[in-house]
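Enquirer: Please see the structure below; I have some questions.
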Amino acid sequence: MTSLTVRDLAIDLGRRRVVDSVSFDLEPGSLVGLLGPNGAGKTTLLRGLVGIADTTGGNVLVDGVALAAVPAAVRARQIAYLPQGGQVHWPLDVFHTVALGRLPHQTPFEGLSEEDIEAILRALEYTDTLGLAGRPVTELSGGERARVLLARALASEPRILLADEPVAGLDPAHQIDVMHLLRTLVQRGNAAMVVLHDLTLAARYCDRVLVMNEGRIAADGPPDKVLTQQVLEDCFGIKVYLSRAGGELFLVPTARSEAV
Amino acid sequence: MTVLVSGHPLPVELVRAPRRRAVRAGLALAAVGIALFIAALFAGGERALWPLVVPGAAANDPVGWLILTEIRLPRALLAVLVGATLGLSGAAMQGLLRNPLADPGLIGVSSMAALGAVLVLYFGLAGVAIWLLPLGGLGGALVAILILYALAGRDASVLTLILAGLALGTLASALTSLALNFAPSPYAALEIVFWILGSLADRSFMHVWLALPFMAAGATLLMGSRKGLDALTLGEDAAHSLGVNLNRTRLLVILGTALSVGAAVSVTGVIGFVGLMVPHLLRPWASFRPSALLPLSALGGAVLMLGADLAVRTLSGGQELKLGVVTALIGGPFFVLLLLKTRRAMR
C-alpha cells in the first residue's frame, strides 16, 4: 500500500506558474480522474509527482517520505508514469517494449527473470495486446500502441499509476476495457490517477475527480458532486447535458457557454 | 522457462529469439574478425610470413619475425581497437540521440583531437619524439572535453550538446585550415593533410599502449550507459520515470565517446563513417535494443576496420590508399541512402 500526499505544490515553467497551491491525497484503492481544459497544468502536475518537473514550492510525499529523498530506483518500482501520446523510438517488438517496464526491477547484466516475464505477460493480457507481442511497435495503430504503452507502465507492477490520457485514441470497446482494468487495479489496493477528457468515463469509473483550471484545483470530490453545470461552465466554458440512467451519471457537452 | 499462456505459445519464443539472434551475430562477427586478424598478420607483402607459425621458426627468419610482431601485429591490434571504439561509441551516440544518423564525430572531439595532432606536426615537434603526435591528439581531445563541459554544463540538453559540438568542430577545422595556410613548407602541409586523412600504416606498439587505456576507460563508461539507453527508447520522461538518471546517462555517453574516440583519432587520424554505418547495419541483429547493439557494434567496427585496412594494404599499388579515404568513400553514399530511407519512413 502506497499513498501519495501533495501539499501546496507549485511548479513554474520558465516564469509562468503552471501548477499553483495544489493539495490532495492519493489513497490506496482509489481511482482519481484528473480533468481540466488544455493547458490547465494536468501534465505538469503528473510530471511533478514523479520528479521530472522541478517543483518550486510545496511537498510531494510518498508514504510520508519526501519524493526527492526516495531513491530513483525505489520510486520507479512504486510509481509508474505513462506520458501522454508516448513514442517509441526504435522498432522494438511489443514484448520487449513492455519489458522495458521491468527495468526498475532488473539488476545490471541480468536478462529477464521468470518473474519479469510473468509480469510482462500479465500486462500484455490485461491490455489485450498479447496477440501483438511479436509485432514491431512502430507498425501498430495509434490505439494499439497506446495499449502497449499502458502495458509497459503496468509491467513494473506499480502501487501508484499516473497515466496521462491513457484512453486517448482508443476505440470505445478498448476505452471501456482500460477503465475496467484501472478499476481492477485499484480494487487490489493500488492507486491510480488518470488524465481524462471524456467526462462520462470519468463520472462512471472514477471514485473521485480533480478538476484543474489555470494551475489550481477548482473542484475535488466524488464525480456526482463535482461534475456540475457550474463547475464545468467555470472551468471548461461549456454547457453540458446531464442525465442519470441506472444510477450512473452521463454528461454530454452541448455548447460553449456565452460568457467565454 | 515455464512460461505458458493458454493459447499463446508465441511469447516464449519471443523471449528467447532476440537473445539468440544477438549471440549468433556476435559469434559470427567474432569468427570473421579472427579470420581477418590472421589474414592481416600474414597476407600481402613481399615476404611470406606464414612459415613463422611453426614453433622455433622465428630464429631462421629474424626480419620476418620483426615484420610480424612489430609492424603487422600492432597494426592489426590498432584496427581492432579503433574499429571497436568507433562502432561502440557510434551505437551509444545513436542510442542517446535516438537517431540512426548520429555519429561519434558529432560532438567535435574528433576534430579537436585531429587539431591537437596537426599542431604537433605544424610546430615540427613530431620529429623530436614520435610519441608527441598522438599525445597532441589526446591533448586536443581533452581540451574538447573541457570546452564541451564549459559550453554545455552539467545539465545540458542533447540539443545544446550537439550545438556545442558543432561549434567546437567548426572551430577546430578553422584552426586546422589556419595551420595549413601558414605551413612552413609544402612538405609540412602535405604531412598534415596526409595525417588527417587517417591511416593505420606505420603504427607501432607505442601507439597501442598510448591509446588503449583511454579506449578501455571510454568503453567502460559507454557500456555503463546501456540501461539508460534502453529506457530512452520510450523518450526522456518515461526513461526518468523508470528510475534512469538521464544526466548520468548523457555524461557516460559523451565522456566515454570523447575519451575513446579522442584516443582513436590521436593514433590514426580521422576515420569517418564507421561509427555511423556499423550500428545501423547491425541494429536488426540486436532486435533494435540499444543495449544489445553496443557490444555487437564494437565487434562489427573491429571487423569492418580489419577488412578495410587489409583491403587498403593488399589491393592498393605504389601509393597506399588512406584508410580514412576508403571509409569516407563507402560512408558518404551510405549516408545518403540512409537519409533517403529515413525520410521515406518519416513521411
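Enquirer: Would you call A:VAL231 without any contact (Cβ under 8 Å) to a residue 24 or more places away in the chain, of a type in the set (A, V, I, L, M, F, W, C) and either assigned to a helix (DSSP H, G or I) or in contact with a helix residue (DSSP H, G or I) (Cβ under 8 Å, 6 or more places away or on another chain) (or both)?
Expert: On the way: without any contact (Cβ under 8 Å) to a residue 24 or more places away in the chain: yes; of a type in the set (A, V, I, L, M, F, W, C): yes; either assigned to a helix (DSSP H, G or I) or in contact with a helix residue (DSSP H, G or I) (Cβ under 8 Å, 6 or more places away or on another chain) (or both): yes.
It is true that A:VAL231 is without any contact (Cβ under 8 Å) to a residue 24 or more places away in the chain, of a type in the set (A, V, I, L, M, F, W, C) and either assigned to a helix (DSSP H, G or I) or in contact with a helix residue (DSSP H, G or I) (Cβ under 8 Å, 6 or more places away or on another chain) (or both).
Enquirer: Hey, does segment B:207-221 have a residue that's under 18 Å from B:ASN247 (Cβ atoms) and modelled with pLDDT of 90 or more?
Expert: Step one: list which residues in segment B:207-221 are under 18 Å from B:ASN247 (Cβ atoms), which gives B:221.
Those left that are additionally modelled with pLDDT of 90 or more: B:221.
Yes, because at least one residue in segment B:207-221 is under 18 Å from B:ASN247 (Cβ atoms) and modelled with pLDDT of 90 or more.
Enquirer: Examine segment B:215-223 for a residue that is more than 30 Å from A:HIS105 (Cα to Cα), away from every other protein chain (no Cβ under 14 Å) and surrounded by 15 or more Cβ atoms within 10 Å (Cβ to Cβ), and state whether such a residue exists.
Expert: Our first condition is that a residue be more than 30 Å from A:HIS105 (Cα to Cα); within segment B:215-223, this holds for B:215.
Filter again for away from every other protein chain (no Cβ under 14 Å), leaving B:215.
Subsequent filtering for residues that are surrounded by 15 or more Cβ atoms within 10 Å (Cβ to Cβ) retains B:215.
Taking every residue of segment B:215-223 in turn, at least one turns out to be more than 30 Å from A:HIS105 (Cα to Cα), away from every other protein chain (no Cβ under 14 Å) and surrounded by 15 or more Cβ atoms within 10 Å (Cβ to Cβ).
Enquirer: Has segment B:243-252 got any residue that is in contact (Cβ under 8 Å) with a residue 40 or more places away in the chain and more than 19 Å from the chain's Cα centre (by Cα)?
Expert: Among the residues of segment B:243-252, at least one is in contact (Cβ under 8 Å) with a residue 40 or more places away in the chain and more than 19 Å from the chain's Cα centre (by Cα), which makes the answer yes.
Enquirer: Residues to consider are B:ARG75, B:ARG98; find the one that is within 16 Å of the chain's Cα centre (by Cα) and of a type in the set (D, E, K, R). Walk me through it before giving the result.
Expert: Details: B:ARG98 fails: within 16 Å of the chain's Cα centre (by Cα).
Among B:ARG75, B:ARG98, only B:ARG75 is within 16 Å of the chain's Cα centre (by Cα) and of a type in the set (D, E, K, R).
Enquirer: How many residues are of a type in the set (A, V, I, L, M, F, W, C) and outside any helix (DSSP H, G or I) if we restrict to segment B:53-68?
Expert: Of the residues in segment B:53-68, the ones of a type in the set (A, V, I, L, M, F, W, C) are B:53-54, B:57-59, B:63, B:65-68.
Of the ones still in play, those that are also outside any helix (DSSP H, G or I) are B:54.
Within segment B:53-68, residues that are of a type in the set (A, V, I, L, M, F, W, C) and outside any helix (DSSP H, G or I) number 1.
Enquirer: Which residues, counting only those in segment A:206-227, are part of a loop (DSSP other than H, G, I, E, B) and either of a type in the set (Lys, Arg) or on the phi > 0 side of the Ramachandran plot (or both)? Give the derivation first.
Expert: Taking segment A:206-227 and keeping what is part of a loop (DSSP other than H, G, I, E, B), we get A:206-207, A:214-215, A:222, A:227.
Within segment A:206-227, A:GLU214, A:GLY215 qualify.
Enquirer: Any chance segment A:136-143 includes a residue that's in a helix (DSSP H, G or I), within 19 Å of the chain's Cα centre (by Cα) and either surrounded by fewer than 19 Cβ atoms within 10 Å (Cβ to Cβ) or modelled with pLDDT under 95 (or both)? Outline the logic, then answer.
Expert: At the first step, the residues of segment A:136-143 found to be in a helix (DSSP H, G or I) are A:137-139, A:142-143.
From the residues that got through so far, the ones that are within 19 Å of the chain's Cα centre (by Cα) too are A:142-143.
Next, only the ones that are either surrounded by fewer than 19 Cβ atoms within 10 Å (Cβ to Cβ) or modelled with pLDDT under 95 (or both) stay: A:142-143.
Yes, segment A:136-143 has at least one match.
Enquirer: Away from every other protein chain (no Cβ under 11 Å), within 13 Å of the chain's Cα centre (by Cα) and within 28 Å of B:LEU14 (Cβ to Cβ): is that true of A:LEU182 in this structure? Show your work before the answer.
Expert: Values: away from every other protein chain (no Cβ under 11 Å): yes; within 13 Å of the chain's Cα centre (by Cα): yes; within 28 Å of B:LEU14 (Cβ to Cβ): yes.
Judged against the criteria, A:LEU182 is a match.
Enquirer: Quick check on my filter: what residues within segment B:53-72 are within 21 Å of B:VAL208 (Cβ to Cβ), at pLDDT 80 or above and more than 31 Å from the chain's Cα centre (by Cα)?
Expert: none
Enquirer: Could you list all residues from segment A:107-135 that are out of contact with any Lys or Arg (no Cβ under 8 Å at 6 or more places or on another chain) and outside any helix (DSSP H, G or I)?
Expert: Quick first cut of segment A:107-135, residues out of contact with any Lys or Arg (no Cβ under 8 Å at 6 or more places or on another chain) only: A:107, A:109-110, A:113-115, A:117-118, A:121-122, A:124-126, A:130-135.
Those that are out of contact with any Lys or Arg (no Cβ under 8 Å at 6 or more places or on another chain) and outside any helix (DSSP H, G or I): A:THR107, A:PHE109, A:GLU110, A:SER113, A:ALA133, A:GLY134, A:ARG135.
Enquirer: Among the residues of segment A:48-89, which ones are within 12 Å of chain B (Cβ to nearest Cβ), aliphatic (A, V, I, L, M) and farther than 16 Å from A:VAL19 by Cβ?
Expert: Residues satisfying the conditions are A:VAL70, A:ALA72, A:ALA73, A:VAL74, A:ALA76, A:ILE79, A:ALA80, A:LEU82, A:VAL88.
Residue by residue, here is whether (1) closer than 27 Å to A:VAL148 by Cα; (2) among the small types (Gly, Ala, Ser) holds:
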residue: B:LEU229; (1), (2): yes, no
residue: B:GLY235; (1), (2): yes, yes
residue: B:ARG248; (1), (2): no, no
residue: B:VAL253; (1), (2): no, no
residue: B:THR257; (1), (2): no, no
residue: B:VAL278; (1), (2): no, no
residue: B:ARG283; (1), (2): yes, no
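Enquirer: Also, I was wondering about something else. Report yes if A:PRO104 is under 21 Å from the mean Cα position of the chain (by Cα) and over 18 Å from A:ALA192 (Cα atoms), otherwise no. So that I can check it myself, show each step before the final result.
Expert: Working: under 21 Å from the mean Cα position of the chain (by Cα): yes; over 18 Å from A:ALA192 (Cα atoms): yes.
Yes, satisfied.
Enquirer: Among the listed residues B:GLY332, B:GLY317, identify the single one that is within 17 Å of the chain's Cα centre (by Cα), of a type in the set (Gly, Ala, Ser) and surrounded by fewer than 20 Cβ atoms within 10 Å (Cβ to Cβ).
Expert: Numbers: B:GLY317 fails: within 17 Å of the chain's Cα centre (by Cα).
After ruling out the rest, the residue left standing is B:GLY332.
Enquirer: Let me ask something else. Condition first: under 15 Å from the mean Cα position of the chain (by Cα) and on the phi > 0 side of the Ramachandran plot. Can you find one or more residues in segment B:109-119 that meet it? I'd like the intermediate steps shown before the answer.
Expert: From segment B:109-119, those under 15 Å from the mean Cα position of the chain (by Cα) are B:109-111, B:113-114; that's our starting set.
Filter once more, keeping what is on the phi > 0 side of the Ramachandran plot: none.
No, because not a single residue in segment B:109-119 is under 15 Å from the mean Cα position of the chain (by Cα) and on the phi > 0 side of the Ramachandran plot.
Enquirer: Now a separate question. If you take the residues in segment A:130-160 that are touching a Phe, Trp or Tyr at 6+ places or on another chain (Cβ under 8 Å) and in contact (Cβ under 8 Å) with a residue 60 or more places away in the chain, which one is nearest to the other protein chains (Cβ to nearest Cβ)?
Expert: The qualifying residue nearest to the other protein chains (Cβ to nearest Cβ) is A:ALA153.
Enquirer: Turning to a different aspect of this structure: I'd like to know if segment A:106-129 contains one or more residues that are at the interface with chain B (Cβ under 8 Å from one of its Cβ atoms) and touching a residue at least 40 places away in the same chain (Cβ under 8 Å).
Expert: No, because not a single residue in segment A:106-129 is at the interface with chain B (Cβ under 8 Å from one of its Cβ atoms) and touching a residue at least 40 places away in the same chain (Cβ under 8 Å).
Enquirer: Something else about it: Give the residues of segment A:90-105 that are more than 7 Å from every other protein chain (Cβ to nearest Cβ) and under 14 Å from B:VAL15 (Cβ atoms), sorted by residue number. Steps first, answer last, please.
Expert: Step one: filter segment A:90-105 for residues more than 7 Å from every other protein chain (Cβ to nearest Cβ), giving A:94, A:97-99, A:101-102, A:105.
Residues satisfying the conditions are A:VAL94, A:THR97, A:VAL98, A:ALA99, A:ARG102.
Enquirer: Next up: Just to verify a result, which residue in segment A:1-37, among those that are of a type in the set (A, V, I, L, M) and out of contact with any strand residue (DSSP E or B) (no Cβ under 8 Å at 6 or more places or on another chain), is surrounded by the most Cβ atoms within 10 Å (Cβ to Cβ)? So that I can check it myself, show each step before the final result.
Expert: Step one: filter segment A:1-37 for residues of a type in the set (A, V, I, L, M), giving A:1, A:4, A:6, A:9-11, A:13, A:18-19, A:22, A:26, A:31-32, A:34-35.
Then keep just the ones that are out of contact with any strand residue (DSSP E or B) (no Cβ under 8 Å at 6 or more places or on another chain); that gives A:1, A:13.
On the way: A:MET1: 10, A:LEU13: 14.
Only one residue fits best here, namely A:LEU13.
Enquirer: Residues of segment A:1-57 being free of Cβ contacts under 8 Å to residues at least 24 places away in the same chain and either part of a loop (DSSP other than H, G, I, E, B) or hydrophobic (A, V, I, L, M, F, W, C) (or both), which ones?
Expert: Across segment A:1-57, the qualifying residues are A:GLY14, A:ARG15, A:ASN38, A:GLY39.
Enquirer: For A:PRO108, are the conditions met, namely being surrounded by fewer than 20 Cβ atoms within 10 Å (Cβ to Cβ), over 24 Å from A:ILE52 (Cβ atoms), at pLDDT below 95 and not acidic (Asp, Glu)?
Expert: Working: surrounded by fewer than 20 Cβ atoms within 10 Å (Cβ to Cβ): yes; over 24 Å from A:ILE52 (Cβ atoms): no; at pLDDT below 95: yes; not acidic (Asp, Glu): yes.
Here the answer is no, as A:PRO108 does not meet what is asked.
Enquirer: Across segment B:283-320, what is the number of residues that are away from chain A (no Cβ under 12 Å), under 30 Å from B:ASN99 (Cβ atoms) and in a loop (DSSP other than H, G, I, E, B)?
Expert: The number of residues fulfilling the criteria is 0.
Enquirer: Restricting to segment A:125-164, give me the number of residues that are among the acidic types (Asp, Glu) and touching a Ser or Thr at 6+ places or on another chain (Cβ under 6 Å). Steps first, answer last, please.
Expert: Narrowing segment A:125-164 to residues among the acidic types (Asp, Glu): A:125, A:128, A:139, A:144, A:157, A:164.
Then drop every residue that is not touching a Ser or Thr at 6+ places or on another chain (Cβ under 6 Å), which leaves A:164.
Final tally of qualifying residues: 1.
The values are calculated or read from the model by the stated rules, or taken from the named source; none is laboratory data. Just so you know, these numbers come straight off a predicted model, no measurement behind them. Note: ideal-geometry Cβ built from the backbone for every residue, glycine included; neighbour counts use all protein chains shown.
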